[in-house]
Structure formats: structure tokens, C-alpha cells
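Below is one structure, written out as C-alpha cells; the observations come after it.
Laboratory data are not the source of any read-out in this text; all were calculated from the coordinates shown. On a predicted model such as this, the values are computed, not experimentally measured, just so you know. When we count neighbours, we look across all protein chains shown, and the Cβ atoms used for this are built from the backbone with ideal geometry, even at glycine.
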Amino acid sequence: MADRRACLLALVAGLAALLPLPASARDGPLGIVIMHGKGGSPEGLVAGLAATLEANGYLVANIEMPWSGSRQYDVPVLFIVPTRDYPGLLRTSPRIYRLLPRHPRTRLYEPEAGHGDAPTASAAEIMRWTRAVAAAAAPR
């Protein structure tokens, strides 16, 4: 399973390298953010990918994600479930939300939208919530 994931990551990186780049991207170094899998770490399966990209001139951010093995979702989550989502997602989303680790700023947001319209319909709430979370975390 780990070998398949590593191969998939390498394949995605290889395919990305084949895509034509706009002129602005060809003029300078390219940056990439690498996100490890659930329970993983930057030093795990993605470390070789990060090293290879850096060795080839990429600017690499190989960061520890909130779902790493050592962090276990230690950040708040804005969990968005549109009211007109697909029926299967409407059935499972409340259970998934309840399984999130408790955090005082984690919120459930239910925009009046379908699955495809949810991102745009949620923009104002995403901006409000991210500002509130950032203000609460700012040093005083």
C-alpha cells in the first residue's frame, strides 16, 4: 500500500512536470506545497519526493499537516455541508462532523446550496470564520 502511494505521488509529480507553463512560471523557480497523508509526516512517504523536487530547483514546502500522526487535528475546522448536497453525503456528513476532535472554534456551516454551488455560497462564512479564528489565535 505504501509503495502504491509513493508511486502515485511520483506519477502526479511527473505528469505535472509535463504540463505547459505560462511564461511567468518559466521565468523563475516553481513552488510546490507537499501534503502528506493522514497519520503521516513530512519525514515519511513524501520526504523523497520533496528532496527530489528541491534538488531539481523547485521551492518546496513540505509541511506537517493537522492530520499528522503527532498532531491529530489540533486545529479548528469549518465543516461545510450544503443543505441540498448529494443524499449520501447528507446522511454521512453529520456523523463525520461529530467524529472531529473537539475544538472550541470548530463549526458546522450549512449553506442553502447544492454540492457544486457550496464553495461560492460559503465564501462569506469562510472569510468571517477565518478572520475570527485568526483573531482568537493572535498574540495579545
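Quick look at the numbers
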{"read-out": "Highest-first arrangement of 108-117, 76-85, where packing means the average Cβ count within 10 Å", "value": "76-85, 108-117"}
{"read-out": "Residues Tyr86, Tyr58 arranged by fewest to most Cβ contacts within 10 Å", "value": "Tyr86, Tyr58"}
{"read-out": "Cα-centre dipole for segment 78-137 with unit charges at Cβ (Lys and Arg positive, Asp and Glu negative), debye to 20", "value": "340"}
{"read-out": "Segment 41-140: relative contact order in percent, alpha carbon pairs under 8 Å with at least 6 residues between", "value": "24"}
